[in-house]
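Here's the structure, in structure tokens; my notes come after.
The values are calculated or read from the model by the stated rules, or taken from the named source; none is laboratory data. On a predicted model such as this, the values are computed, not experimentally measured, just so you know. Cβ coordinates were reconstructed from backbone atoms using ideal geometry, including for glycine residues, and neighbour counts include every protein chain displayed. Ligands, DNA and RNA are excluded from the accessible area calculation, which covers all protein heavy atoms including side chains. Shrake-Rupley method; radii C 1.70, N 1.55, O 1.52, S 1.80 Å.
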Amino acid sequence: MFDTVYFDGIYKRKADVSISPDDRGFLFGDGAYEVVVAYRGRYFRKREHLERLNHSLRGLRIGGLDALSLDPILDDLMRKNDVGSGDVTAYIQVTRGSAVRKHAFPPADVRPTVFAQLMPVVRDPSFKTGVSVITVPDTRWSRCDIKSVNLLPNCLANQLAQEAGCIEAIFVRDGVVLEGSLSSFFAVFDGVARTAPKSNYILAGVTRQAVLDICEREGISFSEEPIYLTELQDAEEMFITGTTREVAPIIRLDGQPVGNGQPGPFVRRLAELYRAEAEAATADAKTA
Ligand code: PDD
């Protein structure tokens, strides 16, 4: 399935890709990535994802590549893999390239390694019926705005969540609730959806922004202000957002039910509006 991938300028079978053991992505986790979802054969908010990849590359000082130039490659991958009008996830990864192991950057003539592949969209039924999450201390670095492939704290946190029978771990730094290991976090207080303001401590989620745009358009109250762990007990509803999870209600946090333990009306409405927006945007003649 989706056997054709893109690797360093060439489309080839995934089984034929060989990546150097000297690749800095392998040695140092020295790279950035993006995940974009296509609905019925058209990408949703592709430009925003590629612009964020540029932000990540600039943050890592990886030069020599404009992520916007990858736009046609994502479309080619759909054609070459006969996606047709199906839903699909695109994964793009760029590393600083391959060079003898040395912490400082390699010589300027070392080109970034670029890889892109398609993957199935996996939608767990709980993304609709409600998910359980735990909170964990944020052990990440202080440039969480960079979508780095160096995801060890995220993997460790997510594993803790899985072991607790949950699907997501929400990072808390100095008492402030920030985001999940692979999703943004929202809580609803007095009918107002609140999410952490953009900073170096969160990834500027594309879905987070889509949700805020929907709130703005629909006159739904929201704020981008810090959420404190001590306040969470007063939240009427909570939800996570992400490219692969859309808008998913949280029904249990740290073993306690959120609200009445069922998805509330606020998040149900937002989830429907988000789905409608994604389908409308991708129904246009041009890919978004
Ligand atoms: N993760 N926060 C973190 C730490 C993330 O890794 C992600 C996405 C998000 C949500 O961002 P967006 O709405 O742009 O998908 C927030 C992707 C899906 C992943 O790592 O697979």
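Quick notes on this one:
- Test: residue in the stretch 23-35 that is open to solvent by 50 Å² or more (accessible area, probe 1.4 Å) and part of a loop (DSSP other than H, G, I, E, B): no
- Residue match in the stretch 185-205 (condition: touching a Gly at 6+ places or on another chain (Cβ under 6 Å) and either assigned by TED's automatic domain parsing to the domain that holds Asn54 or in contact (Cβ under 8 Å) with a residue 24 or more places away in the chain (or both)): no
- Residues in the stretch 32-58 that are farther than 15 Å from Asp75 by Cβ, in contact with a helix residue (DSSP H, G or I) (Cβ under 9 Å, 6 or more places away or on another chain) and away from the ligand (no atom under 13 Å from the Cβ): Asn54, Leu57.
- Search result, residues across the stretch 63-74 that are in contact with an Asp or Glu (Cβ under 8 Å, 6 or more places away or on another chain) and either over 23 Å from Lys12 (Cα atoms) or crowded, with 16+ Cβ neighbours inside 10 Å (or both): Ala67
- Flag for Glu279 being more than 11 Å from the ligand (Cβ to nearest atom), over 25 Å from Arg140 (Cα atoms) and at pLDDT 95 or above: no
- Residue count for the stretch 117-165 satisfying the condition of being outside any helix (DSSP H, G or I), modelled with pLDDT of 95 or more and more than 18 Å from the chain's Cα centre (by Cα): 9.
- Within the stretch 88-108, the set of residues being assigned to a loop (DSSP other than H, G, I, E, B) and modelled with pLDDT of 95 or more comprises Arg96, Gly97, Ala99, Val100, Arg101, Lys102, His103, Ala104, Phe105, Pro106, Pro107.
- Residues located in the stretch 60-87, provided they are part of a helix (DSSP H, G or I) and in contact (Cβ under 8 Å) with a residue 12 or more places away in the chain: Leu60, Ala67, Leu68, Leu70, Asp71, Ile73, Leu74, Asp75, Asp76, Leu77, Met78, Lys80
- Test: residue in the stretch 115-134 that is over 28 Å from Lys198 (Cα atoms) and in contact with a helix residue (DSSP H, G or I) (Cβ under 7 Å, 6 or more places away or on another chain): yes
- Filter result (within 16 Å of the ligand (Cβ to nearest atom) and either of a type outside the set (A, V, I, L, M, F, W, C) or in a helix (DSSP H, G or I) (or both)) within the stretch 211-222: Val211, Leu212, Asp213, Ile214, Cys215
- Taking the numbered list (1) in a helix (DSSP H, G or I); (2) within 16 Å of the ligand (Cβ to nearest atom); (3) touching a residue at least 40 places away in the same chain (Cβ under 8 Å); (4) in contact with a strand residue (DSSP E or B) (Cβ under 7 Å, 6 or more places away or on another chain) in turn, Arg208 passes all entries but (3).
- In the stretch 146-204, of all residues being aromatic (Phe, Trp, Tyr) and more than 10 Å from the ligand (Cβ to nearest atom), the one that is surrounded by the fewest Cβ atoms within 10 Å (Cβ to Cβ) corresponds to Phe189.
- Checked against (1) within 14 Å of the ligand (Cβ to nearest atom); (2) part of a strand (DSSP E or B); (3) of a type in the set (A, V, I, L, M, F, W, C), Val114 meets all criteria but (1).
- Complete set of residues in the stretch 114-144 that are surrounded by 15 or more Cβ atoms within 10 Å (Cβ to Cβ), closer than 25 Å to Val258 by Cα and β-branched (Val, Ile, Thr): Val131, Val133, Ile134, Thr135, Val136
- Residues of the stretch 223-248 satisfying the condition of being more than 16 Å from the ligand (Cβ to nearest atom) and either of a type in the set (Val, Ile, Thr) or assigned to a strand (DSSP E or B) (or both): Ser223, Tyr228, Thr230, Glu237
- Number of residues in the stretch 232-254 that are farther than 20 Å from Leu203 by Cβ, touching a residue at least 60 places away in the same chain (Cβ under 8 Å) and not hydrophobic (A, V, I, L, M, F, W, C) equals 3.
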